[in-house]
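Written out below as structure tokens is the structure these notes cover.
The values are calculated or read from the model by the stated rules, or taken from the named source; none is laboratory data. Computed from a prediction, not measured in an experiment: that's the story for all the values here. As a convention, Cβ positions derive from the backbone with ideal geometry for all residues, glycine included, and neighbour counts pool all protein chains shown. These area figures cover heavy atoms from the full protein model, side chains too; ligands, DNA and RNA do not enter into them. Shrake-Rupley method; radii C 1.70, N 1.55, O 1.52, S 1.80 Å.
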Amino acid sequence: QLLIGALIVVILLLWLVFMQYRVNKTAKRNAIEKEERKQLVEEKSKELERVLGMKETLLKEIHHRVKNNLQVISSLISLQAATLKDKKAKASLIESQNRIKTIALIHQKLYQTGDLSRIDFHSYTSQLAHIIASLYKHKSPKIELEVAADDVVLEIDLAVPLGLIINELLTNALKYGFLGKAEGKIALKIRQQEGEIILTVKDNGLGFPLDFDPQKSSSLGLKLVHLLAKQLKGKVHFHNEKGLLVTVIIPSGFKK
């Protein structure tokens, strides 16, 4: 009886030792596998960070090169314009140069910021508007420019054409809105509401002649405004209202 009891105790102890050994071995194996998985995740994370870093560097370089190339084109146009005697041809080249500068400014902004696909349109609009105003300072020395924009961040596919629309509307106002007037005011506003970007350019200048139809105008600038707004699935409205009020409404979720 005692021998059998002792034998059973020994067997139980051996079984417990064996089970403890298996548990320890399994725990050790799990710990090793866990460490290996952790190292693999860390390696993959580092590789992903490296790839993303390379992508960001490449995109920054692309924006930088595009900006530089556009500046070269702008300089070439400027040199070409300087050789022309025809005032209309010269003015057309200068307007084309300003459009190129508008696009180049977007790439410059993207290069200077951390987000390489979206642009702070508040900052961009303010800078662009004052650049355009300075170009026509000799024609309109006493034109007051007011810029108000919500904190709108736009994808580059929306920012470029909208920037060109702003360029055309401000240029049109500065060139033709105040002929024969000593002073005036232009107010540019951008706001975002209910899924739409709303751009307004209001001046207290001459406005359009009563028989003028902007939809049928031969003006390249106005044609561009309509074309770009259509490209963005937006609408353009012109109103003579103690000067000229232009409203451009574009879906903020615009996708090509």
Output the number of the condition that T102 fails; it satisfies all remaining conditions of (1) crowded, with 16+ Cβ neighbours inside 10 Å; (2) modelled with pLDDT of 80 or more; (3) over 25 Å from H237 (Cα atoms). (3)
Search the range 177-194 for residues that are without any contact (Cβ under 8 Å) to a residue 40 or more places away in the chain and pair each with any residue that is open to solvent by less than 90 Å² (accessible area, probe 1.4 Å) and in a loop (DSSP other than H, G, I, E, B) when their beta-carbon atoms are under 7 Å apart and the residues are at least 6 apart or on different chains. F178/S140; F178/G205; K181/G205
Give me a count of the residues in the range 123-145 that are open to solvent by less than 70 Å² (accessible area, probe 1.4 Å) and either under 27 Å from K233 (Cα atoms) or in contact with a Leu (Cβ under 7 Å, 6 or more places away or on another chain) (or both). 12
Subset of the range 149-174 (residues that are assigned to a strand (DSSP E or B) and either open to solvent by 40 Å² or more (accessible area, probe 1.4 Å) or acidic (D, E) (or both)): V153, E155
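Mind telling me which of the residues G177, G221, G234 ends up being open to solvent by less than 70 Å² (accessible area, probe 1.4 Å) and closer than 22 Å to K142 by Cβ?
Unique residue meeting the criteria: G177.
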Give me a count of the residues in the range 246-255 that are assigned to a strand (DSSP E or B) and open to solvent by less than 30 Å² (accessible area, probe 1.4 Å). 4
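For L76, state whether it is modelled with pLDDT of 85 or more, in a helix (DSSP H, G or I), closer than 30 Å to E155 by Cα and open to solvent by 30 Å² or more (accessible area, probe 1.4 Å). Break it down stepwise before answering.
Numbers: modelled with pLDDT of 85 or more: yes; in a helix (DSSP H, G or I): yes; closer than 30 Å to E155 by Cα: yes; open to solvent by 30 Å² or more (accessible area, probe 1.4 Å): yes.
In short, yes.
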For the range 200-239, which residues satisfy the criterion of being among the hydrophobic types (A, V, I, L, M, F, W, C), assigned to a loop (DSSP other than H, G, I, E, B) and closer than 23 Å to K189 by Cβ? L206, F208, L232
What single numbered condition from (1) within 20 Å of A104 (Cα to Cα); (2) open to solvent by 40 Å² or more (accessible area, probe 1.4 Å); (3) assigned to a strand (DSSP E or B) fails to hold for R191? (1)
Could you please tell me which pairs satisfy a Cβ distance under 7 Å, a separation of 6+ or placement on different chains, a first residue in the range 48-73 that is open to solvent by 70 Å² or more (accessible area, probe 1.4 Å), and a second residue that is modelled with pLDDT of 75 or more and not in a helix (DSSP H, G or I)? none
